[in-house]
Structure formats: C-alpha cells, structure tokens
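Colleague: This is the structure I have questions about; it appears just below.
The values are calculated or read from the model by the stated rules, or taken from the named source; none is laboratory data. Quantities reported herein were computed from a predicted structural model and do not represent experimental measurements. Positions of Cβ are backbone-derived with ideal geometry, glycine not excepted, and every protein chain shown enters the neighbour counts. Only protein heavy atoms, including side chains, enter the accessible area calculation; ligands, DNA and RNA are left aside. Shrake-Rupley method; radii C 1.70, N 1.55, O 1.52, S 1.80 Å.
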Amino acid sequence: MKNNQNKSVTNTSPNEFILGVTTFFPLIFAVAPIGLLFGALAAQKGLSPLEVLLMGSLVFAGGSQFVALDLWSTPVLWFTIAFSTFLVNLRHVLMSASLAPKLGHWTPLQKYIGFFILADEVWALSERRAMKQRTSFSFYMGVGATLYITWQIATFTGSLVGAVMGDPSQYGLDFAFTALFICLVMNFWQGRKTGVILAASGLAAVLTNKFVPGAWYIIAGAIAGVVAASIQHEEKPKSLSKFEGAQQL
Amino acid sequence: MISEIFSVDPLVLFTIVAMALGTYLTRIAGLILTKFVVFSDRTEAALQAVPPAILMSVVAPMAFATGVAETTATAATALAALKLPMLAAMAIGIVCVVVLRTAFLAI
C-alpha cells in the first residue's frame with residue numbers, strides 16, 4: 001500500500017493524460033456508432049440536436065439516456081424519466097465506492113469534478129489501471145475526456161442525421177433499444193443466479209406492464225430482481241471485484 | 001433550420017436537469033458513503049442486481065410480449081452477445097427482427 005502511494009506521486013505528469021487517451025482510443029469505435037444511434041432515435045422522439053447535446057453533456061450516462069428515450073412521450077413525463085434514470089444509474093454508487101479508495105493524490109475538488117464523468121467505461125478502465133498502481137487524476141481525465149467528447153460528437157451528429165432518416169421501424173431500429181439492452185444484460189451474466197434475477201425481473205415487468213399504466217413496470221422489475229438477488233445471497237468473504245462484470249456503457 | 005437545431009423546450013430542459021442531478025448524486029455517493037458506511041454483503045449483492053434487473057425490465061414487454069419476431073430476435077441477440085462484439089450482436093438482432101416481420105407479413 002505504502003509502495004503504491006509512493007508510485008502515484010510520480011504519476012501526475014501529462015504522460016498519464018496521454019496514456020488515458022490512448023487506453024480509451026480503441027473504444028471510440030464501439031461508442032461512436034451507439035452515440036449516432038442514440039442521436040438518431042432522439043431525433044425521432046422530437047428532441048432537437050441542442051437538447052440531445054444538453055442531455056449528453058449534463059447526464060452523460062448512455063444506458064440511462066436510452067431508457068429515458070424509451071419513456072419519452074408528449075408531454076414529457078419528467079418525474080418518471082428522472083426517477084427511472086436514477087434507478088438505472090444506481091450502479092454508479094457501487095462503482096464510485098469501489099474506485100474511491102484506489103485513487104492517487106486527488107484533491108476533493110478533483111474528486112467531485114472528476115466523478116461527474118464516471119461512466120461505465122471510465123470506471124472499468126480506471127479499475128484496471130488501479131490493479132497496477134493508484135489511478136491518477138491525469139489518467140482518469142485522459143480516459144474520461146476522450147469518452148465525453150466522443151459521446152457528444154456522435155450523439156449530436158446522429159440527431160442531425162436522424163431528423164431526415166424517417167420512421168426507424170422500417171429499418172428495424174425500433175428494436176435497436178431492445179438489442180442494445182439485451183447485449184448489456186449479457187455483460188452482467190455471472191451464471192445461474194443471474195438467470196433467476198433476470199427471470200424474476202422479466203416476469204414482473206411483463207405482468208406489471210400488462211395491468212398497470214405508465215413506467216411502473218421498470219420499478220416493479222427492478223424490485224423483483226433485487227429481491228431475487230437478496231434471497232439467493234449466501235454469506236461469504238467480502239470482495240468488491242465482483243463488480244468487474246459491470247462494464248460497457 | 002438553425003432555430004430548430006437550437007430549440008430547447010423548457011420542460012425538456014427541466015427533465016434533463018433532473019436526470020443530471022440524480023445521476024451526479026449516484027456518481028458521488030460512493031465518495032461520501034465510503035467515508036461513513038461499509039456495505040453488508042447482502043446489500044452489496046442486492047445493489048449489484050439493480051442494473052441487469054432494470055435493463056431486463058425495460059426490454060421485457062418488447063422482448064417477450066410483442067410477437068414471435070421480437071421474441072426470436074431477442075433470443076438470437078442474447079446468444080450472439082455471448083460470442084460476438086456488442087455491435088455485431090445488435091446487428092444480428094435487428095436483421096433478425098426485420099426479416100421475421102417481413103416473413104410474417106408475407107404469410
């Protein structure tokens with residue numbers, strides 16, 4: 001531990017920032033198409049390019065932005081959308097709790113500014129970095145800034161193009177949400193227990209959606225999944241590395 | 001055209017700000033929580049289930065209660081996601097749904 005701290009002192013050079021940028025670089029090719037898709041679908045829902053840019057830069061959480069878009073209607077159900085966003089992003093609590101003790105010498109200001117852009121990919125790459133040495137602010141910002149800029153350019157461009165694309169269902173793009181989320185769900189797959197959690201949430205969501213109007217099916221499904229996880233839990237030694245599976249978007 | 005690009009509806013802006021505040025709260029919560037509390041194992045396991053449970057809930061009506069084309073495409077996407085990169089798996093799901101919907105129309 002002491003050794004790690006000593007290392008991190010030499011860690012705040014511009015090279016750390018460049019290293020962060022180059023570490024993220026290959027992921028640009030995965031993130032940009034998803035951003036374009038988000039922008040295009042947002043345009044179909046009637047969001048202006050500036051509104052897309054505002055959402056991307058202020059919220060900056062891809063998964064929850066797609067959920068918000070799925071719930072988007074006229075008039076906008078602001079509370080349902082904001083609450084669903086909050087629920088989808090609850091995982092960040094675990095991510096920041098896991099990463100916080102592994103940071104190098106960050107000032108409190110750096111922590112509270114830096115964690116504004118704690119997206120899944122930023123978290124995952126920072127955790128990976130922390131396996132070797134404490135994550136420096138420069139490295140973190142190199143990763144984070146690259147993702148941030150990529151996401152804004154891609155979603156903004158998508159929203160400009162999407163307005164002239166026409167009905168998304170003719171290209172099967174209304175299914176793109178579902179396909180994306182199924183992929184994300186599979187990232188969380190850790191065996192049979194995950195299967196039980198998913199079955200519980202899926203069933204609860206379908207039934208609630210059938211009988212209760214509005215977006216309550218998402219909350220019902222979330223609660224069912226959490227209860228299933230809680231019931232299945234067996235006491236064993238504590239380890240935060242379990243959350244390594246929570247990557248992508 | 002320019003004014004359309006830069007138009008911002010007040011309710012949309014309000015919604016975005018509400019989304020942003022909630023999201024920021026979840027991101028800094030760990031910084032604050034780790035100072036004061038240690039998660040119990042069970043709480044941790046329950047919280048860990050939140051993201052997949054929510055993602056599943058969001059897609060479940062579309063995936064399982066819309067039609068045979070959607071349910072089949074969901075299964076295809078899930079299987080593809082085990083082996084292929086995300087974008088490839090998504091593409092398979094989308095192509096699958098388009099082909100099956102067209103096929104059902106033809107019948």
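Colleague: Since B:Ala73 meets every condition but one in (1) in contact (Cβ under 8 Å) with a residue 24 or more places away in the chain; (2) open to solvent by 40 Å² or more (accessible area, probe 1.4 Å); (3) facing chain A (nearest Cβ under 7 Å), which condition does it not meet?
Modeller: (2)
Colleague: Right, here's the next one. Can you go through A:Phe139, A:Phe116 and tell me which one is under 20 Å from B:Gly22 (Cβ atoms) and either within 13 Å of the chain's Cα centre (by Cα) or surrounded by 17 or more Cβ atoms within 10 Å (Cβ to Cβ) (or both)?
Modeller: After ruling out the rest, the residue left standing is A:Phe116.
Colleague: Could we say that A:Phe60 is more than 10 Å from every other protein chain (Cβ to nearest Cβ), buried (at least 23 other Cβ atoms within 10 Å of the Cβ) and under 25 Å from A:Thr157 (Cβ atoms) here?
Modeller: No.
Colleague: May I ask you to list pairs of residues, at least six apart or on different chains, whose Cβ atoms are under 8 Å apart, with the first in the stretch B:16-44 being free of Cβ contacts under 8 Å to residues at least 12 places away in the same chain and the second being of a type in the set (Val, Ile, Thr) and open to solvent by 10 Å² or more (accessible area, probe 1.4 Å)?
Modeller: Partner pairs satisfying both residue conditions: B:Thr26/A:Val93; B:Ala29/A:Val93; B:Gly30/A:Val93; B:Leu33/A:Val93.
Colleague: Within the stretch A:57-89, which residues are among the polar types (S, T, N, Q), assigned to a loop (DSSP other than H, G, I, E, B) and over 15 Å from A:Leu118 (Cβ atoms)?
Modeller: A:Ser73, A:Thr74 - these are the residues of the stretch A:57-89 that are among the polar types (S, T, N, Q), assigned to a loop (DSSP other than H, G, I, E, B) and over 15 Å from A:Leu118 (Cβ atoms).
Colleague: Given the residues B:Ala106, B:Ala80, B:Ala60, which is the only one that is of a type in the set (Gly, Ala, Ser), open to solvent by 50 Å² or more (accessible area, probe 1.4 Å) and out of contact with any strand residue (DSSP E or B) (no Cβ under 9 Å at 6 or more places or on another chain)?
Modeller: None of the others qualify; the one that does is B:Ala106.
Colleague: Pick from the stretch A:89-113 the residues that are charged (D, E, K, R) and over 11 Å from the mean Cα position of the chain (by Cα): which of them is farthest from A:Gln152 (Cα to Cα)?
Modeller: Ranking the candidates gives A:Lys102 first.
Colleague: Does any residue of the stretch A:126-135 turn out to be assigned by the TED database to the domain that holds A:Phe25, within 30 Å of B:Ser7 (Cβ to Cβ), out of contact with any Pro (no Cβ under 6 Å at 6 or more places or on another chain) and free of Cβ contacts under 8 Å to residues at least 12 places away in the same chain?
Modeller: no
Colleague: Could you name every one of the helices (runs of 4 or more DSSP H) located completely within the stretch B:1-49 that has at least 2 residues being under 26 Å from A:Asn187 (Cα atoms) and within 7 Å of another protein chain (Cβ to nearest Cβ)?
Modeller: Passing ranges, in order: B:10-36, B:41-48.
Colleague: Across the stretch A:109-141, what is the total count of residues that are modelled with pLDDT of 95 or more and part of a helix (DSSP H, G or I)?
Modeller: 14
Colleague: Of everything in the stretch A:98-110, what is free of Cβ contacts under 8 Å to residues at least 12 places away in the same chain and either closer than 18 Å to A:Thr150 by Cα or surrounded by 17 or more Cβ atoms within 10 Å (Cβ to Cβ) (or both)? Give them in sequence order.
Modeller: A:Ala100
Colleague: Any residue at all in the stretch B:19-30 that's within 22 Å of A:Thr74 (Cβ to Cβ), aliphatic (A, V, I, L, M) and modelled with pLDDT of 85 or more?
Modeller: Yes; the residues of the stretch B:19-30 include at least one that is within 22 Å of A:Thr74 (Cβ to Cβ), aliphatic (A, V, I, L, M) and modelled with pLDDT of 85 or more.
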